[in-house]
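Q: Encoded as structure tokens, here's the structure I'll be asking about.
The values are calculated or read from the model by the stated rules, or taken from the named source; none is laboratory data. Note that the structure is a prediction, hence the values are computed from the model and not measured. Ideal geometry is used to build each Cβ from the backbone, glycine not excepted, and the neighbour counts take in all protein chains shown. Please note that ligands, DNA and RNA were not included when accessible areas were found on the heavy atoms of the full protein model with its side chains. Shrake-Rupley method; radii C 1.70, N 1.55, O 1.52, S 1.80 Å.
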Amino acid sequence: MLKYVNTGIVFQEIPDEVTLAINISGCPCRCPGCHSQYLWEDVGVPLTTDAIDEFVAKNGKDITCIAFMGGDAEPRRINRLAQYIHEEYPHLKVGWYSGRMRVAQEVNKDDFDYIKIGPYLQHLGPLNKPTTNQRLYRNTHDDSWEDITSRFWKK
Amino acid sequence: MEISNFTITKRDGSKDSFSLDKIMNAIVKAFESVDEPADLGTISKIISHLDIKDDIKVEDIQNQVEEALMKEGHFKVAKSFMLYRQAHTEDRETLAKLQFLSDYCESVNAATGSKYDANANVEHKNIATLIGELPKSNFIRLNRRLLTDRIKKMYGKELADEYIDKLTHHFIYKNDETSLANYCASITMYPWLIGGTLSIGGNSTAPTNLKSFAGGFINMVFMVSSMLSGACATPEFLMYMNYFIGKEYGKDYYKRAEEQADLSLKKRTIDKVITDYFEQIVYSLNQPTGARNYQAVFWNVAYYDKYYFQSIFGEFYFPDGSQPDWEGLSWLQKRFMKWFNRERTKTLLTFPVETMALLTDENGEPKDEEWGDFTAEMYAEGHSFFTYMSDNADSLSSCCRLRNEITDNGFSYTLGAGGVSTGSKSVLTINLNRCIQRAVNDGKDYLEELGKVIDLCHKVQMAYNENLKDLQEHGMLPLFDAGYINIGRQYLTIGINGLVEAAEFMGLKITPNDEYKKFVQGILGLIEKYNKQYRTKEVMFNCEMIPAENVGVKHAKWDREDGYFVPRDCYNSYFYVVEDDSLSIIDKFKLHGAPYIEHLTGGSALHMNLEEHLTKQQYAQLLKVAAQEGCNYFTFNIPNTVCNDCGHIDKRYLHECPKCGSKNIDYMTRIIGYLKRISNFSQPRQEEAARRFYATA
């Protein structure tokens, strides 16, 4: 069962969007030097469609995107929730921050508008360092994904 | 009387042991000064009248001596004794001033050194600012006297005493008590356009071309500001400038901005001529001003989208019978904003404070797409300004935070540009935290008790209004007489401070929740009820959450000293807690949204503190959020970094200079309304700025 610890309204994680980020626990990646180690343990409350409904009831009019931060332990479940959001709330985009090297085979990428992949590797740095190994892709919805990682570097 | 080991309390509050010799000496001296014999019998008789208790104050002993001298029939001696006391009081006052003078010279900056009215709008500390500080205590006394005399006449002595009692016990606070002038105004410059500054005591005639407009405008704003204690807003500034540029270079000048405009060797283009005038005006008005204790004039301007503009100036006519040209003004507004934003990377320019007025459609989207888009673009470019959004053109701001409803936009040749003339005559602030705690601790209904304080404030404001009318009748207020300000469209403002702290005392959570909302509405609704009750044909009231640059700090200090619950060193000027990092940006918009601000007719500007700039798309979405939540007045505040070593100014919030790498840096921020260096704010305010939570966007 996916669980989440907290949520936040964020601006940097997904460029140009006002995003509700859901911080999901039980992260199996456990990257050395991870800045969110509090998400390694199996803590928090279940992330269900009811929880999504609640978030949208509270902030749905004000946000443009919902992003799952983590959830690599159950990628299919994340996929289902992404589908659910697109079906119930078509005005919202869906993003996923995954720590894996590639998106799991069983996931239908087209259910997402943004996907970040790549573990955190200390010597290569986080997304806002041009040396990073992590990549953020935007679904162009015409069968291709645009690498928009460089948006984090422009200052 | 019996002599025992008494202690007396001296004027500075310290204790000393009681000495009968000192009293006898003073009495003997008083007799000698009028050549009357003072034998032991006479002196003993006088002393026998004294009733000395432990810890008695020196003043009380002296009062008793006076009475005793009179009782014994030594009237001449008593008079001499009184005169002696008076001379010493005056000496002590001069000594206190000397002490203040040397403390002021030693203080770290002008705002911290100021005893009565700390204000970061004074950048330097020098002889000119000191001259401004010294008479402040006298102004306070004078203002209190003027008001209490009037209150006595209108409502009786009891109410006058009540006012002083509530004031000295910090239940209420009179803003700008150190000045004699009315507070702030959004002026129409129409009288100036027609007749120059002659009617307000100046010597310049009406502007006739771009050059005389620019020069005359600066002088006019200086003159107007010297007759106000707060801000001067000129919502027609760019509209008039557009008119004069059009007269000079043709109405379509903006289409030919790159054409050469002058024959000098510099070969300036029309655009360069225009931005040179921006430079002249803006830099001149940011100068410290002699007539205002070295404070710069507090200058505000407004930008409009097409619909707001039409609504306010649709019926406006220039003296030549022409109407303002929107296309030209639209270009000029954008040019000014872009220029000003760039200029701010060269120099720390505080003024003008800018407000963007946008009309929204039924979906909460900016009605004028082009200007909604431009607003988001300017925020994304790092420009810092206020936005006022409404579904009808109902308000203008007269300073960086106070919005004033405009009742009638109609243009008339005699009154000038209708709705733009508004403002606040005077602000009287209620310390909600103290009022509510006092009522609750006394086991009383806090709304009922608060009602009494609110009622008192309205009466005091009515009295203030009578004094103002009196000044006007004596020709002391030419701004009103000449039509720059319409007295009938000026508000008397009830300020509030300590709202969040009072809610915390009541055990409420400061988040968007029903109990807090109910609490806020209960209090603000009550104030509005009185505002309506006291409204007449000639007086209007509004209610404002004051920025409390120095009052927020003072209230916290006084309340703490008197044993009240005080959760922070500076009371909030927002509906949320500035240092709370658990509230999201959207929560803050909600807390400044319609349910909270609906009774706050004088406004409260949400300062959305962010650590990093957002993208244009994100700002555009936040404008929508603001409209949806009904938050009509806000700004985004990202501290700008200023390098103390190389002088580089950066729009970002950085911890070291990106140019020279120095860590000796300062920040420009809006702690309260206007953009200033943090090091210019008073010490306690700087501490508040350090605690403030900047959302890591």
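Q: Please count how many residues of the range B:625-665 are part of a strand (DSSP E or B) and within 14 Å of B:Thr345 (Cα to Cα).
A: Residues in the range B:625-665 being part of a strand (DSSP E or B) and within 14 Å of B:Thr345 (Cα to Cα): 6 in total.
Q: Of the residues in the range B:429-465, how many are among the charged types (D, E, K, R), touching a residue at least 60 places away in the same chain (Cβ under 8 Å) and surrounded by fewer than 16 Cβ atoms within 10 Å (Cβ to Cβ)?
A: Residues flagged as among the charged types (D, E, K, R), touching a residue at least 60 places away in the same chain (Cβ under 8 Å) and surrounded by fewer than 16 Cβ atoms within 10 Å (Cβ to Cβ) within the range B:429-465 amount to 1.
Q: Next question. Here's a check for you: in the range B:626-643, which residue that is out of contact with any strand residue (DSSP E or B) (no Cβ under 6 Å at 6 or more places or on another chain) and surrounded by fewer than 22 Cβ atoms within 10 Å (Cβ to Cβ) is farthest from the other protein chains (Cβ to nearest Cβ)?
A: B:Gly630
Q: Now for a different question. Could you run through the range B:211-243 and say how many residues are aliphatic (A, V, I, L, M), open to solvent by less than 10 Å² (accessible area, probe 1.4 Å) and in a helix (DSSP H, G or I)?
A: 7
Q: Against the definition (under 27 Å from the mean Cα position of the chain (by Cα), β-branched (Val, Ile, Thr) and open to solvent by less than 40 Å² (accessible area, probe 1.4 Å)), how does B:Thr112 come out, yes or no?
A: The answer is no for B:Thr112.
Q: What's the number of the only condition in (1) within 14 Å of chain B (Cβ to nearest Cβ); (2) in a loop (DSSP other than H, G, I, E, B); (3) exposed (fewer than 14 other Cβ atoms within 10 Å of the Cβ) that A:Ala57 fails to meet?
A: A:Ala57 satisfies every listed condition except (2).
Residues are listed down the side, and each one gets a yes or a no for (1) at pLDDT 90 or above; (2) in a loop (DSSP other than H, G, I, E, B); (3) acidic (Asp, Glu); (4) under 30 Å from the mean Cα position of the chain (by Cα):
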| position | (1), (2), (3), (4) |
| --- | --- |
| B:Tyr303 | yes, no, no, yes |
| B:Ile312 | no, no, no, yes |
| B:Asp320 | yes, yes, yes, no |
| B:Pro324 | yes, yes, no, no |
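Q: Please go through the range B:594-624 and give me each residue that is in a loop (DSSP other than H, G, I, E, B) and within 11 Å of another protein chain (Cβ to nearest Cβ), ordered by number.
A: B:Glu611, B:Glu612, B:His613, B:Leu614, B:Thr615
Q: Further, regarding this structure: Out of A:Tyr4, A:Tyr38, report the one residue that is touching a residue at least 24 places away in the same chain (Cβ under 8 Å), of a type in the set (Phe, Trp, Tyr) and either within 12 Å of another protein chain (Cβ to nearest Cβ) or crowded, with 20+ Cβ neighbours inside 10 Å (or both).
A: Result: A:Tyr4 is the single residue among A:Tyr4, A:Tyr38 that is touching a residue at least 24 places away in the same chain (Cβ under 8 Å), of a type in the set (Phe, Trp, Tyr) and either within 12 Å of another protein chain (Cβ to nearest Cβ) or crowded, with 20+ Cβ neighbours inside 10 Å (or both).
Q: Being of a type outside the set (S, T, N, Q), away from chain B (no Cβ under 14 Å) and closer than 28 Å to B:Leu622 by Cα narrows it down to one residue among A:Arg135, A:Arg77; which is it?
A: The match here is A:Arg135.
Q: So for the range B:525-545 (the condition being within 14 Å of another protein chain (Cβ to nearest Cβ), over 25 Å from B:Asn441 (Cα atoms) and touching a Leu at 6+ places or on another chain (Cβ under 8 Å)), does at least one residue qualify?
A: no
Q: I'm checking my understanding of the structure. Among residues of the range B:544-570 that are open to solvent by less than 30 Å² (accessible area, probe 1.4 Å) and not in a loop (DSSP other than H, G, I, E, B), which one is nearest to B:Cys184 (Cα to Cα)?
A: Filtering first and then ranking leaves B:Glu544.
Q: OK, next. Does A:Ile24 satisfy the condition of being crowded, with 21+ Cβ neighbours inside 10 Å and within 10 Å of chain B (Cβ to nearest Cβ)?
A: no
Q: Moving to a separate point now. Being within 14 Å of chain B (Cβ to nearest Cβ), open to solvent by 20 Å² or more (accessible area, probe 1.4 Å) and among the hydroxyl-bearing types (Ser, Thr, Tyr) is true for just one of A:Thr48, A:Thr64. Which residue is that?
A: Exactly one of A:Thr48, A:Thr64 is within 14 Å of chain B (Cβ to nearest Cβ), open to solvent by 20 Å² or more (accessible area, probe 1.4 Å) and among the hydroxyl-bearing types (Ser, Thr, Tyr), namely A:Thr64.
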